[in-house]
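Trainee: Got a structure for you, questions after.
The values are calculated or read from the model by the stated rules, or taken from the named source; none is laboratory data. This one's a predicted model, so the numbers in the text were calculated from it and none came from an experiment. Using ideal geometry, Cβ is built from the backbone for each residue, glycine included, and neighbour counts are taken over all protein chains shown. Just so you know, the surface numbers come from the protein's heavy atoms only, side chains and all, with ligands and any DNA or RNA stripped out. Shrake-Rupley method; radii C 1.70, N 1.55, O 1.52, S 1.80 Å.
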Amino acid sequence: MNTMRISFLGLVCSVLMVPAAFAGTLDTVKSQGFFNCGVSQGVPGFSNPDADGNWSGIDVDVCRAVSAAIFGDPDKVKYVPLTAKERFTALQAGEIDVLSRNTTWTLSRDAQIGLEFAGVNFYDGQGFMVRKDSGITSAMELDGASVCTNLGTTTELNMADFFRANGMAYEPVVFEKADEVVNAYDEGRCDTYTTDKSGLAAQRTKLADPDAHVVLPETISKEPLGPVVREGDGDWADVVRWSLNAMIEAEEFGLTQSNAKTECALTSNPVVARLCGKEGGTGAGLNLGDSWSYDIVTKVGNYGDVYEKHVGENTPVGLARAGSPNASYKNGGVLYAPPAR
Amino acid sequence: METDKSKIGSFLFNRSVQGFFYQIITLGLVALGIYYIVTNTARNMLERGLASGFHFLGVESQFDIGMTLIEYSPTSTYFDSFIVGLLNTLLVAGIGILFATIIGFTVGIMRLSSNWLIAKIAEAYVEILRNIPLLLQIFFWYFAVLRALPKPKQSLELYDSFFLNNRGLFIPDTVFGEGSSIIFYLLWITIIISIGIFIWAKRRQNRTGERFPAFYVSTALILGTFFISLAATGFPVSFEYPELKGFNFKGGVKLIPELVALTFALAMYTASFIAEVVRGGIMAVSKGQTEAAKSVGLKQNLILRLIIIPQALRVIVPPLTNQYLNLTKNSSLAAAIAYPDLVLVFAGTALMQTGQAIEIIGMVMGVYLFLSLFTSLIMNLFNRFMKVDGER
Ligand SMILES: N[C@@H](CCC(=O)N[C@@H](CS)C(=O)NCC(=O)O)C(=O)O
């Protein structure tokens, strides 16, 4: 009944909390020496705990970047695992300060639910996974299928749209927790499992026999995933937004985790010098020290470092970056950071 | 002077005046508290850009639901999704209560059996089921059900009309054709007449001591009328059989595995508590009653039906009400195994899509509160009915 607890907490908080209490998240975070980052309950490559409870993944690294920017230390973060259903209430109730948990940026979430999206760290789309022995090769063959998915996601709405648009029938089987979706699908309750394609690639590693399943070619939606903060605290949103931007821009200018030290010592490029914190005083506007972006790159890595480490082709998740929207705009992708100056 | 003072004094120290005064103060504080909560919530919500109000209830939900007892599609409104969830909750609670009662009474009576084995089996049932967390039991039954059942193409079947697979149990649907409404009217009329017969039989027995076989007479009446009217209208009933089409069976009535597993788990779990309530209730009836009944020559099953159970029920009903309420509230664990109940559909999907937590959680809490009060009311009425006459 964790969910009920959180919803209730959300209720109580929105009832009792004085608005002013939400004004200065950055100040609060600085004085308490850490912040709370909402993550998934375990999506390999995105936010996943190891046996010792250490979290890793590209979503986790957004929080680590924010921590590095504020404290010069990427590990001043407490991770709070949340189901898709709990995540927004937890953010609104102040239980977490950043939500970095494969969350899709949509109009209603942005405008109606009191959230503010701080950027996109993964461009995704919804897909379907089926058992290979079912012989299905296209999502258009799914008429009448039972479809397993997660409660409280864009996935639920997209699949309704998809089947309706194509005049097909289906049976939604909607679970609160992702692991239960995986289990039920694995046990044969559903003909197909649908979620973000990145999520399919990640969750597939949890199946009894990952090779017995295949992700269908169709992508039925746009799922720009990114970190989220509470609406109404612009300074805090700026810190999160620019922490992510710095990772992307560092890659655009060839500054990586391994070469940053030497590059920063030698560089004559003013953009790189700004990222290295040697020029421009970019920290002042964010109420951070000037080495904020240097700390991100050296302690967490640039976007490419983080991508290849957690979800790239050489990881179990195995998502090729080249040719995908997540490639830098310089390589034909849509990843593009506004200038940090 | 003296008298005036003491008058004021006695006025101030008058109990009812004091009581009135404190009530006014309490009322004022509560009103102030509510005012504070409402205005503060409204301001907070505005400040954080949260939508509010009940307009969303009329908006298209745009999501689908796996099991609906009424017509529903993504173009139906959020209010419709509320009704769908509510009906699904009522369905699982209703069936759960029925089975929990049957199993609970059986196990409770078994525990009192003089047969050692039967008593021990019942005891083991109670001890095991009561002590394993309900959520675990729900998962256990759910995955046990899924694992045990075959895929749709290898369905177990009975007479080509009942099919069982890991998508659910498919049974033929009865389709009532033209002219069948008369049958239902007659059915209702005979049921009402039967209730009348019961009341009359009881009155007569109280007056004259003569027994009347009300049960047999009314059963014969109901069934007889039903079949005669069926025959008279030329059997306007047909069956729609489930058929394997593509991925699954279409047509007929479908019982999804989530419903089966959830009802099963809720009924088995709650039955273990009900068994204890029943055992306690029966043990509260003194031994002398049984002995007295035996000495006037009543048979064993009549002793149970006429002497023990009516007296035990008076002890059983209040805690039994509690168990019914628990079962209803526990049914909200449905979300764990994808049974689309009120909490999953409305406090889950609808809440996530609209973000209107206060309105939605408010409505859901209202429903559970209403169900609790309603169950209590029914059981209180029943309890009053069961009281020994002199006690009324
Ligand atoms: N991007 C979608 C879906 C996100 C989502 O929750 N996906 C599931 C399936 S991959 C998930 O991450 N579950 C992990 C968990 O609940 O721990 C959204 O924002 O609504």
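Trainee: When only C-alpha pairs under 8 Å and at least 6 residues apart count, what is the relative contact order of chain B, in percent? Intermediate values should be presented prior to the final figure.
Mentor: On the way: 432 pairs, mean separation 86.2, N = 392.
Computed value for chain B: 22 percent relative contact order.
Trainee: What are the membrane-span-like helices in chain A by this rule: whole DSSP H runs, Cα extent along the axis at least 20 Å, mean Kyte-Doolittle hydropathy at least -0.5? The partial results should precede the final answer.
Mentor: Numbers: long enough: A:2-16 (21 Å, 1.39); A:234-252 (26 Å, -0.24).
In chain A, the long hydrophobic H runs are A:2-16, A:234-252.
Trainee: Per 20 Å bin from zero, what fraction in whole % of the C-alpha pairs of chain B is there, up to the bin with the longest pair?
Mentor: Result, from short to long distances: 18, 44, 30, 7, 1, 0 percent.
Trainee: Once the other residues with Cβ under 11 Å from the Cβ of A:GLU218 are scored (Lys, Arg +1; Asp, Glu -1), what is the net sum?
Mentor: Net charge in that neighbourhood comes out at 0.
Trainee: Still on this structure: Averaged across B:357-365, how many Cβ atoms of other chains sit within 10 Å of each residue's Cβ atom?
Mentor: Whole-number average of other-chain Cβ neighbours for B:357-365 is 3.
Trainee: At a 1.4 Å probe, what is the % contribution of carbon and sulfur to the accessible area of region A:126-221?
Mentor: Result for region A:126-221: 48 percent of the exposed heavy-atom area is carbon or sulfur.
Trainee: How much net charge surrounds B:GLN62 when only other residues with a Cβ under 11 Å from its Cβ are counted (Lys, Arg +1; Asp, Glu -1)?
Mentor: -3
Trainee: Below 21 Å, Cα to Cα, which lysines can A:LYS299 reach? Residues fewer than 8 away in the same chain don't count.
Mentor: Here the lysines satisfying the reach criterion relative to A:LYS299 are A:LYS30, A:LYS76, A:LYS78, A:LYS261, A:LYS278, A:LYS309.
Trainee: Amide H to amide H under 5 Å from B:PHE162: which residues, 5+ apart in sequence or cross-chain, H placed 1.01 Å off N in plane?
Mentor: none
Trainee: Just B:SER238, B:SER76, B:SER194 to compare: in a GNM of chain B, with alpha carbon springs under 10 Å, which one fluctuates most?
Mentor: Largest GNM mean-square fluctuation: B:SER194.
Trainee: Please compute the contact order of chain A in relative form: average sequence separation of alpha-carbon pairs under 8 Å and at least six residues apart, divided by the residue count, as a percent.
Mentor: 21 percent
Trainee: Report Rg (one decimal) and Dmax (nearest whole number) for the protein assembly as shown, counting Cα atoms only, units Å.
Mentor: My reading of the Cα-based Rg and Dmax gives 32.4, 113 Å.
Trainee: With helices defined as uninterrupted DSSP H runs, which ones in chain B have an alpha carbon span along their own long axis of at least 30 Å and mean Kyte-Doolittle hydropathy of at least 0.0?
Mentor: Correct list, ordered by number: B:15-47, B:78-111, B:181-208, B:257-283, B:357-386.
Trainee: Sum -39500 (n - 2.57) across every DSSP H segment of at least 4 residues in chain A, then divide by the residue count to get the 222 nm mean residue ellipticity, nearest 500.
Mentor: The helix-only estimate for chain A comes to -11000 deg cm²/dmol at 222 nm.
Trainee: How large is the charge dipole for region A:126-221, taken about the Cα centre, if only the Cβ atoms of Lys, Arg (+1) and Asp, Glu (-1) carry charge, to the nearest 20 debye?
Mentor: With only Lys, Arg, Asp and Glu charged at Cβ, the dipole is about 160 debye.
Trainee: On to the next question. Mind checking how much accessible area B and A bury in total, 1.4 Å probe, in Å² rounded to 100?
Mentor: About 4400 Å² of accessible surface is lost on pairing.
Trainee: Listed here are the pairs A:LYS132/A:LYS177; B:LYS153/B:LYS245; A:LYS85/A:LYS177; A:LYS132/A:LYS206; B:LYS151/B:LYS254; B:LYS153/B:LYS254; which of them are more than 18 Å apart at the Cα?
Mentor: Working: A:LYS132/A:LYS177 25 Å; B:LYS153/B:LYS245 10 Å; A:LYS85/A:LYS177 9 Å; A:LYS132/A:LYS206 16 Å; B:LYS151/B:LYS254 15 Å; B:LYS153/B:LYS254 16 Å.
Table pairs above 18 Å Cα-Cα are A:LYS132/A:LYS177.
Trainee: In whole percent, how big is the carbon plus sulfur part of the accessible area of chain B, probe 1.4 Å, protein atoms only?
Mentor: Of the solvent-accessible surface of chain B, carbon and sulfur hold 68 percent.
Trainee: Let me ask another. Along the charge dipole of the protein assembly as shown, Cβ charges K/R +1 and D/E -1, which of B:PRO319, B:LEU221, A:VAL66 sits furthest on the positive end?
Mentor: After comparing all options, I get B:LEU221.
Trainee: Let me ask something additional. Tell me, what % of the accessible area of region A:57-112 is carbon and sulfur with a 1.4 angstrom probe?
Mentor: Carbon with sulfur: 50 percent of the solvent-accessible area.
Trainee: Excluding residues fewer than 8 places away in the same chain, name every one of the lysines whose C-alpha is closer than 24 Å to that of B:LYS202.
Mentor: Within reach: B:LYS294, B:LYS299, B:LYS387.
Trainee: Rounded to the nearest 20 Debye, what is the dipole magnitude of the protein assembly as shown about its Cα centre when Lys and Arg each give +1 and Asp and Glu each give -1 at the C-beta?
Mentor: Numbers: 58 positive and 67 negative charges, 714 e Å.
Its charge dipole is roughly 3420 debye.
Trainee: Leaving out ligands and nucleic acids, note down the accessible area per residue over the protein assembly as shown with a 1.4 angstrom probe, in whole Å².
Mentor: Accessible surface, normalised per residue, equals 48 Å².
Trainee: Follow-up question, since we're still on this one. Based on the alpha carbons, how large is the Rg to Rh ratio for region B:178-269 when Rh follows Kirkwood?
Mentor: 1.20
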